[in-house]
Every structure is written in structure tokens, then in C-alpha cells.
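The values are calculated or read from the model by the stated rules, or taken from the named source; none is laboratory data. In this text the structure is predicted, and so the values were computed from the model without any measurement. Note that we place each Cβ from the backbone using ideal geometry, even for glycine, and neighbour counts take in every protein chain shown.
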Amino acid sequence: MIAELGKYTLFMYQVLKWPERWRVFWRQLMDEVDKLVLRSIPIVILISIFMGAVTSIQTAYNLTNPFIPMTMVGFTTATSSILEFSPTIISLILAGKVGSRIASEIGSMRINEQIDALEVMGINSSNFLLLPKLTAIVFFNPFIILISMFSAIVGGYIVAHLTGLYSPADYITGIRIDFKVFNIVYAMIKTVVFAFIISSVSGFMGYFVKGGATGLGKASTQAVVWSSIIIIIFNLILTQLLLS
């Protein structure tokens, strides 16, 4: 594990160097934003709406004490979505969707010896292949998480209209109760860290893949597994540092 950590550190040292050709970098960046970010928005919205709806229903179902107002449904849904659901759960989902794509794309280039061809031409292949992906995810994933937060809250609002478990007015009032801007900042910090983990770990797994199709499939699986494990660990660390 120590050897792999050192290997990862040296790999990231090469990845984070200045691009050799900025025009090529910007063209790649726009392409990666489309493939890795924009195409993830529909599934994020769908999952967030249903999870917000489920959270609202479960909260309303458990409010059996008459002294607890129904405004707590909106407060609980908004707070849980902002603090944990959107930044962490959605990042875990993106680790499976985006991480596996990065690992398989770079891994297939390694198997087809395209990376070796880049090295022969004197190009920093790790920087050329991974930096646009890493930049796209780190800088644009926070917008996806903001969309997820809004979608989850909308999901709870839809439940208020469809089920009648609580009134829309109580729900909106609950959202406004004790709203803290720092919760958004906290979520964005976690999102940036998680985005870096997803892109860097997946790129590392794909770049050093060995074998044929079997090795590529193994690398894609390992990218998702290790990204998820590291995200969970850093979620605890960041929560302790930022909220304690």
C-alpha cells in the first residue's frame, strides 16, 4: 500500500504540471465537461428528486409527537440534502458513473499502446490525458451538487402537494428555519475534495492497468471501489474538521 501511495504521488506530480499546449488543453476541457459533467445532470436530478421525496415522507411519518411542528419536515429535508445527501451520496454515484468511464477510457489507451506512443513523442501523457478530466470535474461538479440540493428540496415540495402529509406552506417555512450559509460552503468543500478523489484515483487505476480486457475490467472496478472507500474516509475527516 505504501508503494502504491508513492506511485500515486509521483503520478499526480506529473498530472498537475502546466499543460504544454493550452489550446489543446481548452479544447479537451470543453469536451470533458460535456462528457463527464453535463451528461451526468439528468440522472443526478432524477435521483435527487426521489431521495428528497423519500426523506420528506419518512420524516413526516416519524413526527408522531404533537408538540413537534410539521415545519420540521422541510428543515430536515433541506438540512440533510445540503449537509450529506447531495455532496456525499451523489459523489458516490458519480464515482461509479464518471470514475469507471475515466478508468476504462485511459486504460484502453494503455492496452492499445496509445500512451506509449505519446511518451515516444515526448508528451507528458498523464498530464495530457488526465488533467482536462480532473479540471472539468473539480471545477464543475459543485454546480451538479447545487442542482442536486435544489432537486431534493423540490422533491419534498412535490410530496406536499401529492400526499397531503404536510402543507406546502409548512414545508417552505421549515426550509427557512435556521438556514446557515456555511452549510453550503461546507458542502462545496466536500464536493471539490470528492471530485479530486474520483478523477485522480480513477485516472491512476486506468493509467497503470495491466493485461487485456480482463485487466481493464478489473481496473474499472477498482477505480469505483477505491474512490468510494476514500470518499467515505475523507467525508468523516472533513466533517470532523469543519463542523466540530
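Residues of the range 187-222 that are not in a helix (DSSP H, G or I) and not aliphatic (A, V, I, L, M): F208, K210, G211, G212. Taken together, the residues in the range 153-195 that are more than 19 Å from T239 (Cβ to Cβ) and within 17 Å of the chain's Cα centre (by Cα) amount to 0.
I need a count of the residues in the range 190-231 that are more than 21 Å from F140 (Cα to Cα) and hydrophobic (A, V, I, L, M, F, W, C). Spell out the reasoning first.
From the range 190-231, those more than 21 Å from F140 (Cα to Cα) are 205-222, 225-226, 229; that's our starting set.
Checking which are hydrophobic (A, V, I, L, M, F, W, C) leaves us with 205, 208-209, 213, 216, 219, 225-226, 229.
Adding up the residues that qualify gives 9.
Give the residue that is nearest to T221 (Cα to Cα), with candidates limited to residues of the range 175-186 that are aromatic (F, W, Y) and assigned to a helix (DSSP H, G or I).
Restricting attention to the range 175-186, the residues satisfying the condition of being aromatic (F, W, Y) are 179, 182, 186.
Of the ones still in play, those that are also assigned to a helix (DSSP H, G or I) are 182, 186.
Values: F182: 35, Y186: 29 Å.
Restricting to residues being aromatic (F, W, Y) and assigned to a helix (DSSP H, G or I), the top hit is Y186.
So which residues in the range 106-115 are under 17 Å from Q28 (Cβ atoms) and out of contact with any helix residue (DSSP H, G or I) (no Cβ under 7 Å at 6 or more places or on another chain)? Matches in the range 106-115: Q114 only. Of all residues in the range 75-95, those that are over 18 Å from I43 (Cα atoms) have Cβ atoms under 7 Å from Cβ atoms of residues that are not in a helix (DSSP H, G or I), 6 or more apart or on another chain, in F75/I177. Only a single criterion out of (1) modelled with pLDDT under 95; (2) closer than 21 Å to S81 by Cβ is not satisfied by V209, namely (2).
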